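**Student:** Quick one: structure below, then a few questions.
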Amino acid sequence: MASFTPANNSNPVFGLSGFPGLERVHHWISIPIFSAYLAAMLGNCTILYIIWTEPSLHQPMYYFLAMLATTDLGLCLTTVPTVMGVLWFQLRKISVHLCISQGFIFHSFSFMESAVLFAMAIDRFLAICFPLRYTLLLTTNRVAAVGLILLLRSTVLLIPLMPFVLQFRYCPGATLSHSYCLHQDIIRLACANTSFNSRYALILIFLTMGSDLLFILISYSLILKAVLGMTSGNEGHHKALGTCVSHVCAVLAFYVPVLGLSIVHRFGQHASPLLHVIMGNFYILLPPLMNPIIYCIKTKQIYSRILRIVSFKIP
């Protein structure tokens with residue numbers, strides 16, 4: 001893997017990894033990645049357009065879906081242009097300040113995605129377990145307040161990491177494991193004591209993503225208990241559970257790559273660098289690509305509106 005030596009140690013330059021050993025076919029590798037990127041952008045923009053223009057979708061469930069689509073767009077726009085720069089133009093250097101900024105924004109969107117998935121689980125829990133009080137509990141103003149709180153949580157908790165990352169001195173020839181910047185990848189290249197950052201980041205992941213996933217599991221255990229206790233027969237069971245299928249798929253599409261990338265970073269020191277790169281690209285592309293597909297297929301209102309659009313019956 002190529003190394004990059006900074007011109008001066010006060011303003012180091014990180015190297016960005018392409019696909020190690022496959023540099024000669026980067027232009028071919030870029031085709032599926034860029035195609036997935038375009039599909040993710042188009043899909044999430046379509047979701048936002050449909051929710052914005054369809055009055056019948058102005059409900060809490062779809063407001064949270066709009067938040068999810070916005071977050072997915074943020075994940076793509078923050079990272080994929082850097083990846084394509086490496087694959088298309090061999091732009092394999094990035095300044096430390098730009099890298100740290102990218103990492104902060106990317107991790108904020110990642111925490112936001114986890115938080116929105118948790119909020120969507122609560123939405124499904126209230127809709128199924130308290131259907132008569134659902135509209136009273138989740139008003140438009142409360143949904144907006146929840147969105148603001150989740151946004152603040154996803155950004156403010158990252159701020160204590162920033163002064164340390166900005167003050168670290170980085171080793172000459174520092175090369176990241178990916179084509180974009182992650183906090184754990186940045187501090188690995190620091191010629192300094194990074195114990196606070198490592199411990200704080202680990203605690204933060206457990207307190208945010210870990211607790212989000214735990215509460216999602218608790219919500220669905222309560223939903224399953226409520227559905228099994230229904231007396232309306234199998235049709236009622238299937239209808240109630242059907243509203244949760246899309247969300248469960250979205251949870252899997254996000255947390256499986258997150259878990260895979262975390263395992264590779266924590267325990268894959270001896271793994272092939274190519275594995276790090278592949279897992280990193282799955283992390284940034286799979287959720288934004290899959291979520292629009294999942295909700296377009298599983299949500300009747302969105303699916304029917306898309307059919308109207310593609311048949312040029314837009315109104």
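Derivation of every value follows stated rules applied to the coordinates shown; laboratory data play no part. Remember, it's a predicted structure, so these values are computed and weren't measured experimentally. In this analysis, Cβ positions are derived from the backbone assuming ideal geometry, glycine residues included, and neighbour counts consider all displayed protein chains.
**Student:** If R0 is 30 Å, what FRET efficiency do you get for GLN167 and SER211 from their C-beta distance, rounded to 0.05?
**Tutor:** With R0 = 30 Å, the Cβ-Cβ based efficiency is 0.50.
**Student:** Assigning unit charges at the beta carbon (Lys, Arg +1; Asp, Glu -1) and nothing else, what dipole magnitude in debye, to the nearest 20, does the range 1-160 show about its Cα centre?
**Tutor:** Its charge dipole is roughly 180 debye.
**Student:** Continuing with this model, one more query. Would you mind calculating the gained length between CYS191 and GLU23 on full extension (0.36 nm times residue separation, minus the Cα-Cα distance), in nm to one decimal?
**Tutor:** Full extension from CYS191 to GLU23 adds 57.6 nm.
**Student:** Run the numbers for ARG199 and LEU91: contour at 0.36 nm per residue of separation, minus the present Cα-Cα distance, in nm.
**Tutor:** 35.7 nm
**Student:** Also, I was wondering about something else. Where the centroid of each part is defined by its Cα atoms, how far is the range 250-315 from the range 40-63 in Å?
**Tutor:** 18
**Student:** Quick check on the chain: helices-only [θ] at 222 nm, where DSSP H runs of length 4 and up contribute -39,500 (n - 2.57) each and the sum goes over total residues. Nearest 500, please.
**Tutor:** Calculated mean residue ellipticity at 222 nm is -24000 deg cm²/dmol.
**Student:** Would you pull out the residues with amide H under 5 Å of THR175's amide H, same chain only if 5 or more places away, H placed 1.01 Å from N?
**Tutor:** GLY15
**Student:** Need the C-alpha centroid separation for the range 147-198 versus the range 201-224, integer Å.
**Tutor:** Each part reduced to its Cα centre gives a spacing of 23 Å.
**Student:** Can you give the FRET efficiency to the nearest 0.05 for SER311 and GLU54, using r as the Cβ-Cβ distance and R₀ = 25 Å?
**Tutor:** Efficiency for this residue pair is about 0.95.
**Student:** Report the residues of the range 101-132 in range of a label on THR243: point 7 Å along Cα→C-beta, backbone N strictly under 11 Å from it.
**Tutor:** It comes to 123-132, nothing else.
**Student:** Restricting attention to the range 150-204, which trypsin sites (Lys or Arg not before Pro) occupy a DSSP loop and are surrounded by at most 13 other Cβ atoms within 10 Å?
**Tutor:** Within the range 150-204, the qualifying trypsin sites (Lys or Arg not before Pro) (loop, at most 13 other Cβ atoms within 10 Å) are ARG169.
**Student:** Please list, in order along the range 255-263, the HN-Hα scalar couplings obtained from phi with the Karplus expression 6.51 cos²θ - 1.76 cosθ + 1.60 (θ = phi - 60°), rounded to whole Hz, x for Gly and Pro.
**Tutor:** 6, 5, x, 4, 5, x, 5, 5, 5
**Student:** How big is the range 18-310 on each of its three principal axes, counting only the C-alpha atoms and giving the largest first in Å?
**Tutor:** Answer, in whole Å and largest first: 66, 43, 33 Å.
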